[in-house]
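K.L.:
Below is one structure. I have some questions about it.
The values are calculated or read from the model by the stated rules, or taken from the named source; none is laboratory data. Being a predicted model, the structure only gives us computed values, none of them experimental. Glycine gets a Cβ as well: all are built from the backbone with ideal geometry, and neighbour counts include every protein chain shown. When the accessible area is computed, the model is the full protein with side chains, heavy atoms only, and any ligands, DNA or RNA have been set aside. Shrake-Rupley method; radii C 1.70, N 1.55, O 1.52, S 1.80 Å.
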Amino acid sequence: MTIKDERDLIPPPAYDFTDGIAVQGDRKPVVPLFDPARAIQETGGEQALPNSELADGNQAGEPHQPVAGPSSSRPSVEEALRKKGRKLDAPGPPLSLHCYQHKTGIGSFDMIVYDQFKSSVRYSLRFPFKIGSAWPGIKLFRKDPVLGEEVCTISKSAFSNDLHIAMKDGKSTTLHGMGMFRRDHSFAWRNGKGAYAWAVDSLLKYNLTCYDLGTGDEIAKWRATYLAFSKDGELSISQDFRNQDDIDFIVSTGLAMGVWITHGG
């Protein structure tokens, strides 16, 4: 078999779509697709869109408001875990994004992010060739890097584990390394408030969980893919986040951590 592009190795979507119905290979209906108009008609009121559609650029839901205090008084990950907050799937099945390598040059760590069915591109990450431990400026785009809207720029200085994220709307945050020998990173929300952290689930693994340090709730997870030729990992986001700007922000921090922990500084 001749492989012309690494995307040829991506498995086909598990579902085909016929007349609004998701069907598997035997052509038997499996689950009906979400129809906003039908949901509103049946419920007699407004119906929130599922996260799978939000990641496609639809705006819905109120922006997330952090419940913790300013980032200067951030608690530790250990304190958050003792609070035993809500698990990621407590509000419902989380949004799942599948992240694949898509190298566009020697030394690049470019990535394409697909939806839960691996059928549509949701984000594209452009990570150019770098020398040393500094990141020259990673660009995240919604959908295609040429025609898509820029979401943020991710950068890192040499000899530092801090990751700086500058959102396209002018807001920014820094993921601060929480110790020389730890891979956990704490950060504030887009409005500069609250306390959050991406924490490693185990010292022997590359899996991460993002916590609201004020409540102990899980808001996202990064699951690294082992022994895979082109897939880097899967990013899952809680259904509590239905505002597109909030989803963009979580994706930005999650991919920054995923690249950092997978490919190093």
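K.L.:
I need every pair where a residue in the range 116-133 that is over 22 Å from Gln239 (Cα atoms) has its Cβ under 6 Å from the Cβ of a residue that is charged (D, E, K, R) and surrounded by 15 or more Cβ atoms within 10 Å (Cβ to Cβ), sequence separation at least 6 or different chains.
P.N.:
Arg126/Asp110; Arg126/Lys139; Phe127/Asp110
K.L.:
Being among the basic types (Lys, Arg) and closer than 18 Å to Asp110 by Cα is the filter here, so list the residues in the range 136-184 that pass it.
P.N.:
Those that are among the basic types (Lys, Arg) and closer than 18 Å to Asp110 by Cα: Lys139, Arg142, Lys143, Lys156.
K.L.:
Please enumerate the residues belonging to the range 238-265 that are in a helix (DSSP H, G or I) and at pLDDT below 90.
P.N.:
Gly258, Val259, Trp260, Ile261, Thr262, His263
K.L.:
Can you tell me which of Gly132, Gly85, Gly148 is within 23 Å of Cys210 (Cβ to Cβ) and surrounded by fewer than 19 Cβ atoms within 10 Å (Cβ to Cβ)?
P.N.:
Only one candidate qualifies: Gly85.
K.L.:
Tell me which of these Ser155 doesn't satisfy, since it passes every other one: (1) in contact with a Gly (Cβ under 8 Å, 6 or more places away or on another chain); (2) open to solvent by less than 10 Å² (accessible area, probe 1.4 Å); (3) closer than 20 Å to Phe141 by Cβ.
P.N.:
Checking Ser155 against (1) in contact with a Gly (Cβ under 8 Å, 6 or more places away or on another chain); (2) open to solvent by less than 10 Å² (accessible area, probe 1.4 Å); (3) closer than 20 Å to Phe141 by Cβ, the one that fails is (2).
K.L.:
Mind checking which residues of the range 135-145 are open to solvent by 50 Å² or more (accessible area, probe 1.4 Å), in contact with a Lys or Arg (Cβ under 7 Å, 6 or more places away or on another chain) and more than 21 Å from Trp198 (Cβ to Cβ)?
P.N.:
Answer for the range 135-145, where residues must be open to solvent by 50 Å² or more (accessible area, probe 1.4 Å), in contact with a Lys or Arg (Cβ under 7 Å, 6 or more places away or on another chain) and more than 21 Å from Trp198 (Cβ to Cβ): Pro136, Lys143.
K.L.:
Of all residues in the range 159-216 being of a type in the set (Asp, Glu) and open to solvent by 40 Å² or more (accessible area, probe 1.4 Å), which is nearest to the chain's Cα centre (by Cα)?
P.N.:
Per the criteria, the residue is Asp201.
K.L.:
Any residue in the range 105-122 that is open to solvent by 20 Å² or more (accessible area, probe 1.4 Å), of a type in the set (A, V, I, L, M, F, W, C) and under 15 Å from Trp260 (Cα atoms)?
P.N.:
Within the range 105-122, one or more residues are open to solvent by 20 Å² or more (accessible area, probe 1.4 Å), of a type in the set (A, V, I, L, M, F, W, C) and under 15 Å from Trp260 (Cα atoms).
K.L.:
Pairs under 9 Å by beta carbon, first residue under 19 Å from Ala188 (Cβ atoms) in the range 200-225, partner of a type in the set (Val, Ile, Thr) and surrounded by fewer than 18 Cβ atoms within 10 Å (Cβ to Cβ), six or more apart or different chains?
P.N.:
The qualifying pairs are Asp212/Val67; Gly214/Val67; Thr215/Val67.
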